[in-house]
Amino acid sequence: MKISFAQGVAMAISESLAADSRLLLIGNGFVGLNMEARALLEPALREFADRILVAPVSELALAGAGIGAAMAGQRAAVDLSTGSFIFQAFAQVVNEAANVHYMSGGQTTAPVTFCSLAGMRSAGAAQHSHRIQAMLGQVPGLQVLVPGGADDAYHMLKWALLQSQNPTVFISHALLLGETGELTPGAPMLPVGKARIRREGRDLSIIASSITVPRALEAAQSLERDHGFSVEVVDLRSIAPLDRDTVLKSVAKTGRAVIADECHRSFGVAAEIAATLAEEGLAYLKAPVCRVAVPDVPVPFSPPLEAELTVTADKIVAGALKVLNAGSTMRRPV
Amino acid sequence: MQRKNDPGERVAAMLRIRRFEEQCILLSKDGQFPGHYHVYIGQEATAVAACAELGTDDFVFSNWRNHGHLLARGAAPDRMMAEILGKAGGYARGKSGTLHMAVRELGVPATSALVGGSLPLATGAALACKRQGRGVVVAFFGDAALEEGACYEAMILASLWKLPILFVCENNSIPPAQRQRGQYTSSTLPAAQLVDVPQALQIRTEAVDGADADALAECFDRLVAEVRSEGTPRFVEVRCTRWPGNFPLWPELPCGQWQLDWAFGQSPDRADLATWLEQSDPLLLYLRKIVAAGGLTREQVQALDERARAEMAGAVRFALDSPFPAPEEAYQHVRAEQGATL
Amino acid sequence: MTDLALDKLYGFYEQLWRIRLFEGHVQRLAAKGEVPGFPHLSTGQEAVAVGVCAHLAANDYVFSSHRAHGHVLAKGSDPYATFAEIIGRQDGLCRGRGGSMHLVDAANGVMGATGVVAGNLSLAAGAAWAAQALGDGRIAVVFFGDGATGAGVFHETLNLASLWQLPLLFVCENNGYAEFTSREEHSKVAKVSAFAAPYHLPAETIDGNDVLVVNAAAAAAVRSIRSGAGPRLLECMTYRMAGHYVGDAQRYRSKEELAAMKEKDPIDRLRAHLTQRGEPAAELEAIEKRVASEVQAAVERARQAARPDPATVLDYVYSQPLSTTAEA
Ligand SMILES: Cc1ncc(C[n+]2csc(CCOP(=O)(O)OP(=O)(O)O)c2C)c(N)n1
Ligand SMILES: Cc1ncc(C[n+]2csc(CCOP(=O)(O)OP(=O)(O)O)c2C)c(N)n1
Ligand SMILES: [Mg+2]
Ligand SMILES: [Mg+2]
């Protein structure tokens, strides 16, 4: 069946509330302004109203309350709304949730999920456009899920709510909410920690996550159609855990890599993938890798300026062509 | 966990904390463990009174000054001391140290060393208690927490969501004369008294003298029962006066270890310590009172003290003998075990 | 209150209308897709901005929230540059970088609106502290909503302001809602002014829909703050006549509530007051007409203004170049 990303989120929450009476929701946003998904979510919000807590503008304590409840035998999902608001909650997410299992020497677990609607969402300006995954990737102890499709949104969120034993940041993207995908009811999910090959190819690997997945797929299509290249798209799905093996295997096959990432260029997800290729995959590379990422500039409000920074399919194509035409300049290691 | 209102148990519990902390200071001076640490000397009666009201379903949250809370809750001094020394025999096999000590099996799932950091967590645990229909939370924190937004947000949620939590603010910087009256000034908070802040958030509050073990016992008996039966938060400010050994950056033992004789006629050489003992030491004041009232004899007290000293000496031996964790343990417990699919 | 000079009252009337009409244009053009993002309108809350800003000099500091248009206009910023910013043009107050939620007009003392609820409070304390340290006689005013009182930083800032006796006026626009949640649901504390009491920070709750009431209360508060008597808080009870943002379907408000809202309209109330005083209706209509054409002209001009050049996207990231700036 065809569902949207937001519907996947709504279904995961509704089904999880029904499946596990320990699950509490702190706040009730989760699907942004996607009205179809909201309609899908609403029956569950009504049915399980006693497990849904009103959330004042107190992100720090809302996050902490989710962690504390999880430590004390519940499971919790905290709606942190726009990705940038996780900064109000950082002290609890980064310095409590992530550390508690480790610092207690394994005594305590905190199965809590923080839901963030992150990313460049169009006219959010600098204060509502953060991509938070790379920063959170610096925090051992956290799981950071960055699904790029409706199927993964559904499965991975449900997994986080029902199965995970660790604090998780589940990152949706405002511009992904309406993206649709095929979901086969009852089909097994791809394990968390495994990247997904969204499209197979021979000449180039595009490594993508979250919003750059549909854009990479679009780029791959036009590279094939307009330039005759066979392009593979790797959807990372999560950046903690990070499936380096699948990335390396894909690049071993294609010999070329473009990394499409909506984080800032410096110290971003793309930077980590590039470092992995440099450390473990240099022998496979026929050309230098290329990062297609957001320049190190706060996200501006005005549409032409935001567009200038946005990682579009066109920019991925341009980066790909650079890599595809650069074969001869790379000296092979001996 | 001690029996309520048994003078012998109450004295023993306070003595155990005091003797534990003294050993901690001695071990630190001896270079046996790295890093900063905080002792609970002078506040023992608070943890003892509060934890006497708690059962196995209840939760306790603390901060960097956690040794007293943990001991009163029933933690094993040898494992605590091993943890403080970073040894494999510790509760977290050396991963938490003194600042973040937690004992999950006793309802102390995590300890934050960030000012105010435990309060949102404690609020969440109270939410779990409410959902599960059992247990309450006691959250201990210092006066500085009231300068943190985290504390304020946690109290807002506890009030709004009607959670079974007792906020215990241990205000340990009050001159003796002002413990009863309030109206102390602070360089960091203009409120006339700390309880004014939670009151503005619609939380019922109370203040109690932290040097009066009987008053504390009465107060916690009542407040914990109210939280339990009404399921709503309470806030208590425990007004204590800082022990002179806690004034230097690193704790020190003024005039050596605390002496039982100081309760009965003798006096230490240092005037500040002597004054503190007379006016503000909850242990000494309670001993005097209970012995005078015939609740315990001096000999009984002496025996309890010897037992506490012996127990803590054993804890020190255990901790010193315990091996350090193997280096590869650094990689353990980053994440809890879990399945990767639904 | 009634002894205000007539020109002052007309001035208020003009300013209320300017904001009302300005917001009307934002709403209209947002519906046509000409306003990027989700602007928040101050329609219905104009009297707070006007009544407070009447007592500020150009160099006094104003910090605003996500619902900022009214504050910026009342502080005297140019409607053209303000509107141009809201629609992302190069002539905008922030050269199109900020948009509706991040309006800054530093030359006019508007230090900034913020998209982060409560994000402005501690900044305002900092500006007030600077004014105090420099002894330059300025004060800082921070506008925030009732929702912001859930944030810990609100409490931290009340404490600092009182502790340091800062020349800072907290103005809470209590419109009864934080997004789609009513105040009864999101807080146990009926009055925002009650939060200030523990810190001995003088606070009062007033009718924020009556510009004369706001004017009088703000006059007293600002006078006291300027005299060095420390911070104050005004809780202005008001009502958001529009949705939370343009496009909000407002399913959470009843018909009765929306109908009762009409009676709270600050413009109607000032008009009634003036009429009662015997001021001619023609005079008021003349003001309305003048403001309407002025705002209309500013909006039309802004719509014609150039969009920023993408080549300038690297501008303003740092106020002075980093010594080893890598290419972006
Ligand atoms: C968020 C944070 N800020 C600062 C510190 C440093 N710090 C450690 S203890 C302390 C003072 C705490 O005083 P109080 O809460 O009264 O507790 P006490 O030590 O007196 O028991 C501070 C500021 C910290 N640990 N966490
Ligand atoms: C830190 C933060 N959390 C959440 C939001 C989302 N948000 C935007 S406006 C708003 C409600 C604010 O209510 P209030 O302060 O009363 O202002 P009003 O909109 O009523 O003017 C919220 C929660 C935000 N912008 N910033
Ligand atoms: Mg203290
Ligand atoms: Mg509001």
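At a glance:
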| read-out | value |
| --- | --- |
| Subset tally (residues that are under 14 Å from the mean Cα position of the chain (by Cα) and free of Cβ contacts under 8 Å to residues at least 40 places away in the same chain) for the range B:1-58 | 1 |
| Filter pass, residue A:203 being within 15 Å of residue A:275 (Cα to Cα), out of contact with any Pro (no Cβ under 7 Å at 6 or more places or on another chain) and acidic (Asp, Glu) | no |
| Selection within the range B:59-84 - under 14 Å from the mean Cα position of the chain (by Cα), among the charged types (D, E, K, R) and open to solvent by less than 10 Å² (accessible area, probe 1.4 Å) | B:73 |
| Residues of the range B:115-147 satisfying the condition of being within 16 Å of ligand 3 (Cβ to nearest atom) and of a type outside the set (A, V, I, L, M, F, W, C) | B:116, B:117, B:118, B:142, B:143, B:147 |
| From the options B:17, B:25, residue that is touching a His at 6+ places or on another chain (Cβ under 9 Å) and part of a helix (DSSP H, G or I) | B:17 |
| Unique match (being open to solvent by less than 20 Å² (accessible area, probe 1.4 Å), away from ligand 2 (no atom under 16 Å from the Cβ), assigned by TED's automatic domain parsing to the domain that holds residue A:68 and of a type in the set (A, V, I, L, M)) among A:93, A:112 | A:112 |
| Subset tally (residues that are of a type outside the set (Gly, Ala, Ser) and touching a Lys or Arg at 6+ places or on another chain (Cβ under 7 Å)) for the range B:27-52 | 6 |
| The lone exception for residue A:91 - which of (1) in a helix (DSSP H, G or I); (2) under 20 Å from residue B:129 (Cα atoms); (3) at the interface with chain B (Cβ under 7 Å from one of its Cβ atoms) it fails | (2) |
| Count of residues meeting criterion [touching a helix residue (DSSP H, G or I) at 6+ places or on another chain (Cβ under 6 Å) and not aromatic (Phe, Trp, Tyr)] in the range C:167-195 | 13 |
| Index of the failed condition, residue A:126 passing every other in (1) open to solvent by less than 10 Å² (accessible area, probe 1.4 Å); (2) of a type in the set (Gly, Ala, Ser); (3) at the interface with another protein chain (Cβ under 10 Å from one of its Cβ atoms) | (1) |
| Any hit, the range C:222-240, residues being open to solvent by 30 Å² or more (accessible area, probe 1.4 Å), more than 16 Å from ligand 3 (Cβ to nearest atom) and among the β-branched types (Val, Ile, Thr) | no |
| Residue list for the range A:119-129, restricted to those being on the phi < 0 side of the Ramachandran plot and in contact (Cβ under 8 Å) with a residue 60 or more places away in the chain | A:120, A:124, A:126, A:129 |
| Selected residue [touching a helix residue (DSSP H, G or I) at 6+ places or on another chain (Cβ under 8 Å), within 16 Å of ligand 2 (Cβ to nearest atom), at pLDDT 95 or above and facing chain A (nearest Cβ under 10 Å)] from C:66, C:40 | C:66 |
| Filter result for residue B:135 (more than 16 Å from the chain's Cα centre (by Cα) and either open to solvent by 10 Å² or more (accessible area, probe 1.4 Å) or more than 14 Å from chain C (Cβ to nearest Cβ) (or both)) | yes |
| Residue in the range B:110-120 that is under 20 Å from residue B:238 (Cα atoms), open to solvent by 10 Å² or more (accessible area, probe 1.4 Å) and at pLDDT below 95 present | no |
| Candidate set from the range C:241-264 (those that are more than 16 Å from ligand 2 (Cβ to nearest atom) and more than 30 Å from residue A:123 (Cβ to Cβ)); member that is most open to solvent (accessible area, probe 1.4 Å) | C:255 |
| Residue in the range B:97-108 that is open to solvent by less than 10 Å² (accessible area, probe 1.4 Å), facing chain A (nearest Cβ under 10 Å) and within 16 Å of ligand 3 (Cβ to nearest atom) present | no |
| Residues satisfying the stated conditions in the range A:39-53, i.e. touching a residue at least 24 places away in the same chain (Cβ under 8 Å) and either among the charged types (D, E, K, R) or farther than 19 Å from residue A:8 by Cα (or both) | A:47, A:51, A:52, A:53 |
| Residue C:202 being open to solvent by 20 Å² or more (accessible area, probe 1.4 Å) and either farther than 30 Å from residue C:251 by Cα or in contact with a His (Cβ under 7 Å, 6 or more places away or on another chain) (or both) | yes |
| The range C:138-164 - residue that is without any contact (Cβ under 8 Å) to a residue 40 or more places away in the chain and part of a helix (DSSP H, G or I) and, of those, nearest to ligand 4 (Cβ to nearest atom) | C:147 |
| Residue among C:152, C:176, C:147 that is open to solvent by less than 40 Å² (accessible area, probe 1.4 Å), at pLDDT 95 or above, within 16 Å of ligand 2 (Cβ to nearest atom) and within 19 Å of residue C:43 (Cα to Cα) | C:147 |
| Answer residue from the range C:179-202, given it is closer than 22 Å to residue C:213 by Cα and more than 7 Å from chain B (Cβ to nearest Cβ) and is nearest to ligand 2 (Cβ to nearest atom) among those | C:192 |
| Pairs with Cβ under 8 Å, 6+ apart, first in the range A:1-17 and free of Cβ contacts under 8 Å to residues at least 40 places away in the same chain, second buried (at least 22 other Cβ atoms within 10 Å of the Cβ) and in a loop (DSSP other than H, G, I, E, B) | A:10/A:30; A:10/A:31 |
| Options A:133, A:163; residue that is away from chain C (no Cβ under 14 Å) and free of Cβ contacts under 8 Å to residues at least 40 places away in the same chain | A:163 |
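Quick grid of which residues meet (1) within 27 Å of residue B:37 (Cα to Cα); (2) modelled with pLDDT of 95 or more; (3) hydroxyl-bearing (Ser, Thr, Tyr):
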{"residue": "B:166", "(1), (2), (3)": "yes, yes, no"}
{"residue": "B:181", "(1), (2), (3)": "no, no, no"}
{"residue": "B:190", "(1), (2), (3)": "no, no, no"}
{"residue": "B:224", "(1), (2), (3)": "no, yes, no"}
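The values are calculated or read from the model by the stated rules, or taken from the named source; none is laboratory data. The structure presented is a predicted model; accordingly, all values stated were derived computationally and were not measured. FYI the Cβ positions are ideal-geometry reconstructions off the backbone, even for glycines, and counts take in every protein chain you see. Just the protein is used for accessible areas: all its heavy atoms, side chains included, with ligands, DNA and RNA removed. Shrake-Rupley method; radii C 1.70, N 1.55, O 1.52, S 1.80 Å.
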